[in-house]
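K.L.:
Quick one: the structure is below, and I'll ask about it shortly.
We did not get these values from a lab; they are worked out from the coordinates using the rules stated. Predicted model only: the values in this text are computed from it and were never measured. Here the Cβ positions follow ideal geometry from the backbone for every residue, glycine too, while neighbour counts run over all protein chains shown.
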Amino acid sequence: MKKILCLFSALSIALMTSCSSDDSTEVASETLLPTKIVETTVENGKSGSLDYTFTYDGNKLKQISLSDASKYVYTYTGDVITKVEEFKSSVLQSTDVYAYEGGKLASKITTYAFGSTPPQKLTFVYNANGTVNANQSEIINKQEIKYDTTTLYTFANGNIVSSEYINGEREKITSTFDDKKSPFTNITGVKLLLDLDENFDFYSANNTVKNVTVQTDALGKVVLTATVTTTNKYNANNFLTEVFSGDAKDSFKLEIAY
């Protein structure tokens, strides 16, 4: 959800006070899985919504279907996700293939079904200080062409506390978290994907209450700072059930059902 919230920050630099409240349903927390997430946005007073429906095989994620006729299909090898296919109106758009070494994500290769874009590769480097670099490259005529573009991830307390995209210019997102449970805690294998999902932060154990985005140019000059804080709600098992940020003119809300 951090990614969606950061997209919202580009629309509205809104500062709000974070708070929490409890819903009621008591369910064994180790069995809770999100079944539907409803995203509602308001831009300049005009509202729109998008539904995400999750299906499972046990605790393994099979598919996320969106109300815009797109879907993501997940394939496992053992307990790790090794392939994610994106479809729009049942037509394959792209395929992500994941490889692992020593129980950690080693690479991701994205192949597109249409167009001339060559396969895109991310190679993960685990640094001695606990950070991780995701280094970008392309595969052209079976040769890997490496670039200077990277994303640097920093972790604390089971969460991604910052991600910094570096390509001459920089964009750094620094996050503050609550102490409640992420909706994705019980889904097998998703934590290993870091925040590579297009919409959600599958890695983090908790939920963001504030995201600060800082963009700098190639000379190190700050060109944009955006802060988004959220009001979160939780159920009796301390799992996230609602996220809200904004005002009457521009707002963002997620509602999570289990």
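K.L.:
Please give the per residue volume of the convex hull enclosing the alpha carbon atoms of segment 20-137, rounded to a whole number of Å³.
P.N.:
It comes to 220 Å³ per residue, whole-number rounded.
K.L.:
Another one. Residue-wise, which Karplus ³J(HN,Hα) couplings in Hz belong to segment 185-194, taking 6.51 cos²θ - 1.76 cosθ + 1.60, θ = phi - 60°, and x for glycine or proline?
P.N.:
Whole-Hz 3J(HN,Hα) from phi for segment 185-194: 4, 9, 7, 5, x, 6, 4, 5, 7, 6.
K.L.:
Can you check what the net charge comes to around Tyr98, using other residues whose Cβ is under 10 Å from the Cβ of Tyr98 (Lys, Arg +1; Asp, Glu -1)?
P.N.:
Counting the neighbours of Tyr98, the net charge comes to +1.
K.L.:
Under unit Cβ charges (Lys, Arg +1; Asp, Glu -1), what dipole magnitude, rounded to 20 debye, does segment 2-257 have relative to its Cα centre?
P.N.:
320 debye
K.L.:
Are there any trypsin sites (Lys or Arg not before Pro) in segment 108-166 that are in a DSSP loop and have at most 15 other Cβ atoms within 10 Å? List them by number.
P.N.:
Those that pass, being in a loop and sparsely packed, are Lys142.
K.L.:
I'd like to know which of Ser245, Thr227, Ile256 lies farthest towards the positive end of the charge dipole of segment 112-258, counting +1 on Cβ of Lys and Arg and -1 on Cβ of Asp and Glu.
P.N.:
Selected residue: Ile256.
K.L.:
Sticking with this one: Given segment 90-135, report the % of alpha carbon pairs whose separation exceeds 12 Å.
P.N.:
66 percent
K.L.:
Still on this structure, please answer the following. What's the local net charge at Ser137, with K and R +1, D and E -1, over the other residues with C-beta under 9 Å away?
P.N.:
0
K.L.:
Okay, next question. Taking the C-alpha atoms of segment 28-82, how large are the radius of gyration and the largest Cα-Cα span, Dmax, in Å?
P.N.:
Answer for segment 28-82, Rg first and Dmax second: 14.5, 47 Å.
K.L.:
Right, next: In the structure shown, do any of Lys181/Lys221; Lys108/Lys233; Lys104/Lys172 have a Cα-Cα gap over 31 Å, and if so which?
P.N.:
In this structure, Lys181/Lys221; Lys108/Lys233 lie more than 31 Å apart at Cα.
K.L.:
Between Thr40 and Phe155, what is the label-point separation in nm under the 7 Å Cα-to-beta-carbon projection?
P.N.:
3.6 nm
K.L.:
Collect residues whose amide H, placed 1.01 Å from N in the peptide plane, falls under 5 Å from the amide H of Lys36; neighbours closer than 5 in sequence don't count.
P.N.:
Phe54, Ala257
K.L.:
Here's a follow-up. Along each principal axis of its Cα atoms, how long is segment 2-257 end to end? Whole angstroms, biggest number first, please.
P.N.:
54, 48, 40
K.L.:
Can you give the calculated 222 nm mean residue ellipticity of the chain, where each DSSP H run of n ≥ 4 adds -39,500 (n - 2.57) and the sum is split over every residue, rounded to the nearest 500 deg cm²/dmol?
P.N.:
My calculation for the chain gives -1000 deg cm²/dmol from helical runs alone.
K.L.:
Give the peptides 202-213, 147-158 in descending order of average Cβ contacts within 10 Å, highest first.
P.N.:
Packing order, densest peptide first, comes out as 202-213, 147-158.
K.L.:
Sticking with this structure for a sec: Name the long-range amide H neighbours of Lys83: under 5 Å, sequence gap of 5 or more, or other chain; modelled H, no Pro or chain starts.
P.N.:
HN-HN under 5 Å from Lys83: Thr75, Tyr98.
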